[in-house]
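Rule-based calculations on the coordinates, nothing more; no lab input. These numbers were taken from a predicted model, which means no experiment stands behind them. Heads up, the Cβs are rebuilt from the backbone with ideal geometry, glycines too, and the neighbour counts pull from every protein chain shown.
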Amino acid sequence: MQLDLFAVELQGILQEALYVLIDFVTKLAGAIGLYFILFYLLRSLFRKFERDIALVTLNVSSSPILAIFVLISFKITIQNTVSLATVAWLDRLFIGGIIITISYWSLQLFKQVLVYYLKEYAAITEVMWDDVLIPLLEGVIPAVIVLVGGSAVLQLCFGLDLTGAWLTLGGGAFVIGFAVKDILANFFSGIVLLLDSPFQFGDVLRIETESGTQLGILRKIGVRVTRFYMFETHTEVYIPNSVMQSQRITNLSRPIEPVYFFTTIELTPKCDLEQARQVMQEIIQAHPDTLGDIDTKLDCLERYYDWTDVADDFVAKKENGKKRLLAENAVNEKLEEIEQSLEALIITLQFVEEGGL
């Protein structure tokens, strides 16, 4: 009887070992296939894209995805194995490994992909909110990811009840928030000003306060204060954002409608209006500071303002204007050459990227 019982137990052990071996070989084949897809197939495919965000994301995600696949596979094997399913600490070990891997993956995706391309976007935009909020997110989000991941590990792996800790943390946050309510008011006012800002860097603003009206240039909208350069006092002034929202501010740099200046030119009744219009256009074109075709402006500059009985400074101004137009023309020609070279380089790179760099 004991021999029969021993034979049954031995048969069960052998069947379980065979199942574990077959399952291990299957999971190993799946891991090898996933490794080939992540590190060879997708990488060669993403290298053909013009932008490298897909390739960077793949480089960051390949190892964590493979690790998560292996950990989940072993966890499923343990749950389906009778002798190993009773080992509680082994199941909690793999759960902790999965949580830590997902937290690490999220942290690297945020730092190396999201923050990098947000900074790249901020470098080409004129708005100020991204220059302030990106460093703020860069400091807060990693701490939140670590806090959530650590809390999940403590609760699911070590069985700790963190309800009291969360309640204590919430109560402490309420007390601290009440104590620093002015700072929080400035903070959230700064966030609103950054997201829905009617101003940009360098705008000339007229600020109306109880003490009077002041003119200044906007330097920066920060998270807590806004910086202005004041014309009258030649100083830099810091105004809390909560105070900014209660001020009446006029943006003098951005009028709603274009502003035109008119002047009256009197002509004789026998004057040829078309010829007079052409002469006025050529006189305007002859001035170095007006917009127009540079070759036409140089030709008009030679034919007009060619007076001899004028002061020497007028002749010097004319020569300086002519030199400036010639220099601007040379710069434009050089910029056209650079533009053509860059277009040719872009076409070459696009052709090369079709086969993968």
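Quick look at the numbers
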{"item": "Exposure proxy ranking, count of Cβ atoms within 10 Å, fewest first, for Val204, Val144", "result": "Val144, Val204"}
{"item": "Subset of Lys270/Lys318; Lys297/Lys334; Lys75/Lys111; Lys27/Lys111; Lys119/Lys220 violating a 23 Å alpha-carbon distance limit", "result": "Lys270/Lys318; Lys75/Lys111; Lys27/Lys111"}
{"item": "Taking Val225, Val148, Val331 and counting other C-beta atoms within 10 Å, the order from fewest to most", "result": "Val331, Val148, Val225"}
{"item": "Neighbour-count ranking [beta-carbon atoms within 10 angstrom, fewest first] of Ser246, Ser62", "result": "Ser246, Ser62"}
